[in-house]
Amino acid sequence: MADEITLLNAWTSPFGIRVRIALAEKGINYELKEENLQDKSPLLPQMNPVHKKIPVLIHNGKSICESLIIVQYIDEVWKETSPLLPSDPHLRAQARFWADFVDKKVFDCVKRILFTKDDKEAGKEYIECLKLLEGELGEKPYFGGENFGYVDLSFIPFYLQKFGNFSLEAECPKLITWAKRCLQKESVSKSFADLEKVGDFIEQRRKKLGIE
Ligand code: GS8
């Protein structure tokens, strides 16, 4: 019997993008169910009773929650095509470390840059995070080496091209090249929502919060 795969998602979510990229990299067909986060369907709390958040992957009726855990699951189940995590245990641990760094540090800065008045300080901290990531990238085309993988897809949805007065060109030139390389991949570009639409969504949310 063919696998039944559904992704509960919201088009504005960077976490959902990670899962969409992983599914695209593996060439997996799935049903995309868009959730309205202001008025969630009964399926969302049923499938993610603890956090009630998207993304949720439903594979043959069983749910998997939390974007990084979902991506690892996808990589384990569909291991034959486009491996996302390295096979060496130490390199795997390193990859998980950097994805966790994105969740703990980079995401916090992005939230503050976009949705608080503390954007200057957050911008400085964001650049510091990017510099650390650039150090990890080094001269490699992707974080894992020659091939696009787990750290790339975990980080690319949280890469801000432009914000405040910061010049990424001057601060992190290698990361700019890396981001362009990632965005040229179809699995990545087709997993992102229309950037203009996302920009409008961010603007509206900023207005609601009384920023600008
Ligand atoms: C974060 C998911 C999340 O914040 C992950 O999957 O990696 N750590 C989790 N999802 C948000 C939408 S993205 O901004 C969400 O579902 N929010 C709904 C809510 O909080 O009620």
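What follows draws every value from the coordinates through simple rules; no lab data is involved. Since we're looking at a predicted model, the values are computed, not measured. Quick reminder, even Gly has a Cβ in these numbers, built from the backbone with ideal geometry, and neighbours come from all protein chains shown.
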- Past 20 Å, Cα to Cα, is the threshold; run 104/124; 131/162; 52/117; 53/131; 79/105; 111/197 against it and keep the listed order. 52/117; 53/131; 79/105
- Query: For the chain, what size does the Cα cloud have along each of its three principal axes, sorted from largest down, in whole Å?
  - Reply: 54, 43, 28
- Query: All other residues with a Cβ under 13 Å from the Cβ of residue 33 taken together, and with Lys, Arg as +1 and Asp, Glu as -1, what is their net charge?
  - Reply: -2
- Per residue of the chain, what 222 nm ellipticity follows from adding -39500 (n - 2.57) for every DSSP H run with n ≥ 4, rounded to the nearest 500? -15000 deg cm²/dmol
- Query: Excluding residue 188 itself, what net charge comes from residues whose Cβ is under 12 Å from its Cβ, given Lys and Arg +1 and Asp and Glu -1?
  - Reply: +3
- Query: By the scheme Lys and Arg +1, Asp and Glu -1, what is the net charge of all other residues having a beta-carbon under 14 Å from that of residue 206?
  - Reply: +1
- Query: Hey, with R₀ at 22 Å, roughly what FRET efficiency would residue 136 and residue 162 work out to, going by the Cβ-Cβ distance, to 0.05?
  - Reply: 0.45
- Item | Percent of alpha-carbon pairs separated by more than 22 Å within the range 5-77 | 11
